[in-house]
Amino acid sequence: MNIILRVFLLTAALAIATPLPAVADDLPSFPFLLVEGKATIDVQPDKATLRVYVSAFDADSSVAADTVQKQLIALLGTLAEYSIPDDAITSYNLEKEVERTRKERVEMEIVGYHISRRVKIELLDISRFTKLVADIARLDNVWSLDADFDVTDRDSIELKLMNEAGADARRIAENMVHGMSRTVGPVYAISRSSIRSSVGEFSFGGRQHYSAAVMADYQKTIFEPSTIELRQSIHIMFELE
């Protein structure tokens, strides 16, 4: 094989491949090309996971705990008004933190207690999401509220994006070898993360946060987003003929 051509092809692979787990101890003996294919789509979300923190502070821990319990009941009442079923609501254990005075970085006497409880709500209908969040925000002692948005038909979208990412990888590979008297052959290895070997790592740029799976680009907001981005990436080692 032409040594100059092989060096060029390996250098080109460095320019587009992003980090992938080891598939072999050594690089294959045949000419190859590492390519990352990507696919994205903007979709309208149809469900959400809402998280609410109810918290209170008082010098008497029992008073703070009673306040949290009272506001938790008020929160559950608000959720009932929106016909949210009980099995869609998860309430976690009370959390208790001690507040102390400090003097020269030394903790002194206790001045009060922070009591909080986290509640997770699974929403399969977000048609009234903004109004629900506004009603929850009006409740006393609600100090944190955020949401993740998603779609129910994730499986079918994952399959579609995976196919598109694979086609994108082959298209990139064919464009790279165009005019080099080489053709892109069969697939030798496939991974959702980077392909490494004992010889070296073929990568360029930082690792994508969502490279390992199709995931929603979650937006932390109290407003319903019009769309969310789903993405998929796949790393392929092609044999060159």
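Coordinate-derived values only; no laboratory data. For clarity, every value in this text was computed on a predicted model and none was experimentally measured. Neighbour counts are summed over all protein chains in view; Cβ atoms, including those assigned to glycine, are modelled from backbone coordinates with ideal geometry.
If you check Ser144 against the conditions, is it without any contact (Cβ under 8 Å) to a residue 24 or more places away in the chain and surrounded by fewer than 16 Cβ atoms within 10 Å (Cβ to Cβ)? Spelling it out, it is not the case that Ser144 is without any contact (Cβ under 8 Å) to a residue 24 or more places away in the chain and surrounded by fewer than 16 Cβ atoms within 10 Å (Cβ to Cβ).
Applying the condition of being assigned to a loop (DSSP other than H, G, I, E, B) and touching a helix residue (DSSP H, G or I) at 6+ places or on another chain (Cβ under 9 Å) to segment 123-137 and asking which residue is farthest from Ala88 (Cα to Cα) yields Ile126. Annotation: Ser156 fulfils all but one of (1) over 30 Å from Pro31 (Cα atoms); (2) in contact (Cβ under 8 Å) with a residue 60 or more places away in the chain; (3) of a type in the set (Gly, Ala, Ser); the unmet one is (2).
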